[in-house]
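Following: one structure in structure tokens, then a few remarks.
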Amino acid sequence: MIIQSAKDLVVYQKAYALAMAVYRLTLRFPTEERFALVSQIRRSSRSVALNLREAWAKRRYENHFISKLTDSDGEANETDTALDFARDCGFMTAEEHRDLVGQNDEVRRMLGAMLNNPHPFLLAAR
């Protein structure tokens with residue numbers, strides 16, 4: 001399969017699905033967390049996919065591509081910590097936490113593979 005867009009990347013699809021799962025989960029969080037944990041976890045989980053899109057747009061330049069992938073990985077790590085807070089504050093079950101952290105770990109592993117070998121994703125120099 002030829003990748004025409006970042007949307008074709010499995011890692012993007014998984015990151016997007018995780019962000020949507022986080023959104024649905026946070027609808028249940030207490031209203032007093034709306035501007036705190038809800039905002040933070042939604043922003044970080046969305047930023048994983050958003051930074052992947054930016055990386056894809058900058059794949060002509062290896063350093064820019066890697067920089068945006070690094071940003072995406074950082075946001076995935078932030079999401080992991082926010083999920084821990086949500087579990088420990090009692091806003092999600094241990095099973096929900098395990099599922100979402102597992103999805104996030106898969107995204108992080110895929111990002112790590114891209115960071116370790118970015119060349120297949122870069123545009124060829126003309």
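In region 70-87, the residues that are closer than 10 Å to S44 by Cα and touching a residue at least 24 places away in the same chain (Cβ under 8 Å) reach residues that are in a helix (DSSP H, G or I) and acidic (D, E) with C-beta atoms within less than 8 angstrom, at least six apart or across chains, in these pairs: D80/D105.
Taking into account only those residues within region 41-58 that are part of a helix (DSSP H, G or I) and over 13 Å from the mean Cα position of the chain (by Cα), which is surrounded by the most Cβ atoms within 10 Å (Cβ to Cβ)? Looking at residues that are part of a helix (DSSP H, G or I) and over 13 Å from the mean Cα position of the chain (by Cα), I get W56. For the criterion of being in a helix (DSSP H, G or I), out of contact with any helix residue (DSSP H, G or I) (no Cβ under 7 Å at 6 or more places or on another chain), modelled with pLDDT of 95 or more and not basic (K, R), M20 passes. For first residues located in region 29-41 and touching a residue at least 60 places away in the same chain (Cβ under 8 Å), partners that are surrounded by 12 or more Cβ atoms within 10 Å (Cβ to Cβ) and lie 6+ apart or on another chain with Cβ distances below 8 Å form the pairs F29/L37; F29/V38; F29/A86; F29/F91; P30/F91. Can you confirm whether region 105-125 contains a residue that is assigned to a helix (DSSP H, G or I), more than 21 Å from Y12 (Cα to Cα) and touching a residue at least 40 places away in the same chain (Cβ under 8 Å)? Looking for residues that are assigned to a helix (DSSP H, G or I), more than 21 Å from Y12 (Cα to Cα) and touching a residue at least 40 places away in the same chain (Cβ under 8 Å), one finds none in region 105-125, hence no. Taken together, R28, R34 contain a single residue that is more than 24 Å from P120 (Cα to Cα) and not in a helix (DSSP H, G or I), which is R28. Residues that are exposed (fewer than 14 other Cβ atoms within 10 Å of the Cβ) and touching a residue at least 60 places away in the same chain (Cβ under 8 Å) within region 59-69 comprise just one, R60.
Looking only at residues that are surrounded by 11 or more Cβ atoms within 10 Å (Cβ to Cβ) and without any contact (Cβ under 8 Å) to a residue 24 or more places away in the chain in region 8-25, which one is nearest to C89 (Cα to Cα)? Give the steps one after another, and end with the answer.
Filtering region 8-25 down to residues surrounded by 11 or more Cβ atoms within 10 Å (Cβ to Cβ) leaves 8-23, 25.
If we keep only those that are without any contact (Cβ under 8 Å) to a residue 24 or more places away in the chain as well, we get 8, 13, 20, 23.
On the way: D8: 36, Q13: 29, M20: 21, Y23: 17 Å.
Ranking the qualifying residues of region 8-25, first place goes to Y23.
The values are calculated or read from the model by the stated rules, or taken from the named source; none is laboratory data. Values in this document were obtained by computation on a predicted structure and should not be read as measured data. Please note: Cβ atoms are built from the backbone with ideal geometry, for glycine as well, and neighbour counts cover all protein chains shown.
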